[in-house]
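Read the structure below first, then the notes.
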Amino acid sequence: MTLSTMMNYPLTLDHILDRAGRLYADTEIVSRLPNKQLHRYTYADFHRRSKALAKGLVAAGLRPGDRVATLMWNHYAHFEAYFGVPAAGGVLHTLNLRLTPDDLAYIVNHAADRFLLVDEVLLPLLDKFIDKVKLERIWVLTADGGIHTPAPKHESYEALIASGAGDFTWPAKDENSACAMCYTSGTTGHPKGVVYSHRSTVLHAFAAALPNGMNVSMADAATPVVPMFHANAWGLPYVAALVGAKLVFPGPHLDAENLLDLFTKESVTMSAGVPTIWLNLLQTIESSPQRWSLKGLRLLVGGSAVPESMIRRFDAIGVNLLQGWGMTETSPLATVSRLKPKLIDQPKDIQYAQLAKQGLTMPFVDIRLCNDEGHEMPWDGQQPGEIQVRGPWITASYYKLADSSDKFTPDGWLRTGDVGVIDTDGYLKLVDRTKDLIKSGGEWISSVDLENALMGHPAVAEATVIAIPHPKWDERPLAIIVKKSGSEVTAEELTAYLTTRFAKWMLPDDYRFVSEIAKTSTGKFNKKLLREQHINK
């Protein structure tokens, strides 16, 4: 074997942090705080304060590999923790503030978190589980950014920053050492921990920034609407720091009016969030088309499959809706749906149908489909199989989980639990989660396909489909519908609408009209809870 002459240069977040502070020193970072005030500073300020955070944490007793939890919304201080904690040698552990107190207590204890950074507005949530955990020290970011302490048992985040003033040399670290961790939302059983390395996070940021990925550059102003506690905000904060893009954080204000106001005033060019966020945004724009002008805005959407009708409606107002797919275990970006050049001149209907798929794999992400017997399925766009992936930013195990053999194949691929098809051009299309497929009379029905079709009806705001038991056919589809405000539609009309798109045996047996559909902590339809609510009702 002939070795290269290349340097052994570690891929760590330290480099991205130092580079951002030097090359993009005057680029702005804007945060809408919980009190709706705007906080503004620059990458130079971010670099200085992230270094101070790292120094302060080490002085407070942080050891290499110690977990530092965050219970925070999307803003500048959380961004500082994204880099300051791992640069200090610690492991950033973002807590999903939408989980139950019991789940949060389990996660903090399972991860053995030592320290916590928390927003003052989230102290009431912390109080619900603080007696069940063993956090050693808690630093609070106050609503006004002041140095005072809101409670005697807590400390001030600003005081922690002040304690780290002055120069600081990053501790030496291996690129394969842990930098962050996140737990799955846990719809069944306890949430499972995924630990990211410096190397995997840097490589994910490189790939995500590519033109065929998120396509982010220093010319962009980017808004992570996806929470920073959800799979590292899909890596967007790391991508922005890597390329020097302006960052605009929305804080907890994720309603359409606040987002549109922020997008307009801060000239946001790209953003990332789940379908329910963008659906609300779209409906607000369509209700007041003269009020908002967002032409040229790029929106990355993930978390669940996007209806083709939604892509069409955004395109009609000059907004590019880009679909991606991934999960906590994949850091999370695994595929992005962009048109190959040969499709650019095709009719719009063909383009929309292709963009409604989850897309092409990112570089270094391998993908395959396997049936129940473990045999690999062909890429013909017809034969479904479980989606299995592997790559340098895909987890090979779960944190402190004794037995995860059912989650990985004997040859090392991650079993995602998603079912899909891949066409001859390599475009992945989700069919369903394995647990959400509807088996009727020995045949499979995709709840995702039915949902996406139903959400194309002009009177439907949201739709989800679940399986309900049937004495003859084993399972049958039940559609749960939220009507658009001021619109009316009947079950018969929806059945007629679907008849042109699906075989008769695939159509829902029943429709339930509700004011709201239950969702998980990450904004997906909570089908486990929906089944509990609607079966035998």
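The values are calculated or read from the model by the stated rules, or taken from the named source; none is laboratory data. This one's a predicted model, so the numbers in the text were calculated from it and none came from an experiment. Cβ atoms come from the backbone with ideal geometry, glycine included; neighbour counts cover every protein chain shown.
Worth a mention:
- Positions within the stretch 125-144 being exposed (fewer than 15 other Cβ atoms within 10 Å of the Cβ) and either part of a loop (DSSP other than H, G, I, E, B) or not assigned by TED's automatic domain parsing to the domain that holds Gly251 (or both), in sequence order: Lys128, Lys134, Glu136, Ala143, Asp144
- Listed by first and then second residue, the pairs linking a residue in the stretch 205-219 that is over 20 Å from Thr12 (Cα atoms) to a residue that is assigned to a loop (DSSP other than H, G, I, E, B) and among the polar types (S, T, N, Q), with Cβ atoms under 8 Å apart and 6 or more places separating them unless they lie on different chains, are Met218/Thr27; Ala219/Thr269.
- For the stretch 223-242, the condition holds for no residue, the condition being that it is farther than 29 Å from Glu120 by Cα and of a type outside the set (A, V, I, L, M, F, W, C).
- Meets criteria (more than 30 Å from Glu386 (Cβ to Cβ) and surrounded by 18 or more Cβ atoms within 10 Å (Cβ to Cβ)) for Leu333: no
- Which listed residue, of Ile468, Ile394, Ile480, is buried (at least 21 other Cβ atoms within 10 Å of the Cβ) and either part of a strand (DSSP E or B) or at positive phi (or both): Ile480
- Note on the stretch 421-434: among residues that are under 21 Å from the mean Cα position of the chain (by Cα) and not hydrophobic (A, V, I, L, M, F, W, C), the one that is surrounded by the most Cβ atoms within 10 Å (Cβ to Cβ) is Tyr427.
- Neighbours by Cβ (under 6 Å, 6+ apart or cross-chain): first from the stretch 135-147, over 11 Å from Val68 (Cα atoms); second of a type in the set (S, T, N, Q): Ala143/Asn35; Ile147/Ser156
- From the options Leu254, Leu260, Leu299, Leu282, residue that is among the hydrophobic types (A, V, I, L, M, F, W, C), in contact with a Ser or Thr (Cβ under 6 Å, 6 or more places away or on another chain) and either surrounded by fewer than 22 Cβ atoms within 10 Å (Cβ to Cβ) or over 24 Å from Leu95 (Cα atoms) (or both): Leu299
- Residues that are acidic (Asp, Glu) and crowded, with 23+ Cβ neighbours inside 10 Å within the stretch 90-117 are absent altogether.
- Among the residues of the stretch 364-391, the ones that are within 22 Å of Ala208 (Cβ to Cβ) and loosely packed, with under 13 Cβ neighbours inside 10 Å come to 1 in all.
- Of all residues in the stretch 397-418, those satisfying the criterion of being exposed (fewer than 12 other Cβ atoms within 10 Å of the Cβ) and part of a loop (DSSP other than H, G, I, E, B) are Lys400, Ala402, Asp403, Pro410, Asp411, Gly412.
- Evaluation of Ile350 against the conditions (1) within 13 Å of Arg415 (Cα to Cα); (2) in a helix (DSSP H, G or I) shows that the sole unmet condition is (1).
- Among the residues of the stretch 157-174, those that are of a type in the set (A, V, I, L, M), touching a residue at least 24 places away in the same chain (Cβ under 8 Å) and part of a helix (DSSP H, G or I) comprise Leu160, Ile161, Ala162.
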